[in-house]
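These notes are about the structure you will find just below.
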Amino acid sequence: MDFLHYQNGYLLADNVSICDLANQYGTPLYVYSADHITKQFLSYQDSLKNKKHLICYAAKANSNLSVLNLLAKLGAGFDIVSQGELERALKAGADPKKIVFSGVAKSVVEIRRALEVGIKCFNVESEPELYRINDIAHQLGKTANISLRINPDVDAKTHPYISTGLRENKFGISYQLALDTYRKAASLNNIKIVGIDCHIGSQLTELSPFLDAADRILALVDQLAAENIHLKHIDLGGGLGVCYDDEQPPSATLLVSKLIEKLKNYPELEIVFEPGRSIVANAGLLITKVEYTKHQDGNHFAIVDAGMNDLIRPALYQAWMQVLPVKESRDSNTKKIYNVVGPICESSDVLAYQRELSVEQDDLLVICSAGAYGFSMASNYNSHPRPAEVMLEDSNQHKLIRERETFDDLWRGELVL
Ligand SMILES: *Cc1c(COP(=O)(O)O)cnc(C)c1O
């Protein structure tokens, strides 16, 4: 992570001491760099400057209002997957005309609200959804802009839980049914076809699945044009991977330039992207404190105050995330191979397996690359209040962007019989 470095033996994020952040805000604590988020967003935007485009940040990666607001101010649109994300985006100042709505289970209430605020389009994931949107638009006397999310049936070569573009996945409309579904859409009175989209998975570290998917989607664009169905935009989804360990994903600049190249014969077509992880993952870290060390039966545990409730990626996807000690290094002959484990009563509550560390009780550790799918997947399991979130700005400023939950927050809305 480019904004972390050691100075006089202690870890700094930009020019801010991690120890000071932990003292001021407590642990576990999520910390994000506004500069890094901005830089990542601009790397997409700059490579698209000669092409009609919209970058719809995938809000689910990190939906803190400050993150959404920062991106909205830079001109981002948003890819949302629920009304909750829609309301967050609006609250954060998003322009509804830059919002695309993905997700397989859009409810009547969600569709109605999205039509009322006037989003850019629905990324429709099934035929019954298409009919439901048409009916609701009819009731409201509106026309719904739609894109069909097509499943291009390409192997994204990523973890199966974050692969979405294979035939057997629940997402999108099958490639074989695509044309037929477009024809049906074209016959509906309250539907306006505006685009086509795909999203084949997450943490993709190779270019080829993106390029294969684009070829397959463009073949459909041509077939649709032959039937006089003309699209305004092509949305190639998100999914670009980041470096957690030694992965070498293509840069956003390279990915975008390769895809623009494919679109050179389609000058009218607006290109849309839905990046999430690649904007925020390496902008964030999770600070945690060692409560105890435990040495038994040849195993060494660093038991920390953050768990799978705060950061579920290691438990859910076997994700590897770098762990750095905040105090640079103690005597190297005190190093041991540790499992870094949390407080949750589950054996899967392991943040990191088999890391060489030298740690003592009350030490601070940093889990790197925790800006995406970190806080946004956090829960209150085992009745732990969710952590606070802090944004770093201008290299030495830090601001609280979400208060640590209180115990009252834990039972808010609950009623005793
Ligand atoms: C999750 C998701 C994204 C973002 O994926 P990243 O891997 O975070 O870039 C984009 N589009 C859709 C439809 C998604 O579900």
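The values are calculated or read from the model by the stated rules, or taken from the named source; none is laboratory data. Predicted model only: the values in this text are computed from it and were never measured. Here the Cβ positions follow ideal geometry from the backbone for every residue, glycine too, while neighbour counts run over all protein chains shown.
Would you mind stating whether Ile173 is in the same structural domain as Ile119 (by TED's automatic domain parsing), aliphatic (A, V, I, L, M) and within 11 Å of the ligand (Cβ to nearest atom)?
Numbers: in the same structural domain as Ile119 (by TED's automatic domain parsing): yes; aliphatic (A, V, I, L, M): yes; within 11 Å of the ligand (Cβ to nearest atom): no.
No, not satisfied.
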By residue number, the members of the stretch 122-151 that are under 21 Å from the mean Cα position of the chain (by Cα) and in a loop (DSSP other than H, G, I, E, B) are Glu125
Return the residues of the stretch 301-326 that are at pLDDT 95 or above, of a type outside the set (A, V, I, L, M) and outside any loop (DSSP other than H, G, I, E, B); say none if nothing qualifies. Phe301, Arg313, Pro314, Pro325
Odd one out for Asp135, checked against (1) away from the ligand (no atom under 16 Å from the Cβ); (2) more than 13 Å from Ile191 (Cβ to Cβ): (2)
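Can you report the number of residues in the stretch 202-217 which are free of Cβ contacts under 8 Å to residues at least 60 places away in the same chain and within 16 Å of the ligand (Cβ to nearest atom)? Full working, then the answer.
Of the stretch 202-217, the ones free of Cβ contacts under 8 Å to residues at least 60 places away in the same chain are 204-211, 214-215.
Filter once more, keeping what is within 16 Å of the ligand (Cβ to nearest atom): 204-207, 209-210, 214.
Matching residues across the stretch 202-217 total 7.
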With the condition kept exactly as written, say whether any residue in the stretch 309-316 is within 16 Å of the ligand (Cβ to nearest atom), of a type in the set (Lys, Arg), assigned by TED's automatic domain parsing to the domain that holds Asp14 and surrounded by 18 or more Cβ atoms within 10 Å (Cβ to Cβ). yes
Here is a list: His233, His199, His159. Which entry is within 16 Å of the ligand (Cβ to nearest atom), more than 17 Å from Glu274 (Cα to Cα) and in contact (Cβ under 8 Å) with a residue 60 or more places away in the chain? His159
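Mind checking whether some residue in the stretch 238-255 is closer than 13 Å to Pro152 by Cα and of a type in the set (A, V, I, L, M, F, W, C)? It would help to see each step written out before you state the result.
Filtering the stretch 238-255 for residues closer than 13 Å to Pro152 by Cα gives none.
For the stretch 238-255, residues closer than 13 Å to Pro152 by Cα and of a type in the set (A, V, I, L, M, F, W, C): absent.
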Considering only residues that are of a type outside the set (Gly, Ala, Ser) and closer than 14 Å to Cys56 by Cβ, look in the stretch 257-276 and name the one that is farthest from the ligand (Cβ to nearest atom). Glu270
When the stretch 83-105 is checked residue by residue, the ones that are within 15 Å of Glu274 (Cβ to Cβ) and among the small types (Gly, Ala, Ser) are Ala89, Ala94, Ser102, Gly103
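Yes or no, residue by residue, for (1) part of a strand (DSSP E or B); (2) more than 24 Å from the chain's Cα centre (by Cα); (3) among the acidic types (Asp, Glu):
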position	(1), (2), (3)
Tyr6	yes, yes, no
Leu11	yes, yes, no
Cys19	no, yes, no
Tyr32	yes, no, no
Asp35	no, no, yes
Lys49	no, no, no
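For the condition under 22 Å from the mean Cα position of the chain (by Cα), hydrophobic (A, V, I, L, M, F, W, C) and within 30 Å of Arg404 (Cα to Cα), what is the one hit in Val326, Val340, Val272, Val280? Even if it seems obvious, please write down each step before you answer.
On the way: Val326 fails: under 22 Å from the mean Cα position of the chain (by Cα); Val340 fails: under 22 Å from the mean Cα position of the chain (by Cα); Val272 fails: within 30 Å of Arg404 (Cα to Cα).
Among Val326, Val340, Val272, Val280, only Val280 is under 22 Å from the mean Cα position of the chain (by Cα), hydrophobic (A, V, I, L, M, F, W, C) and within 30 Å of Arg404 (Cα to Cα).
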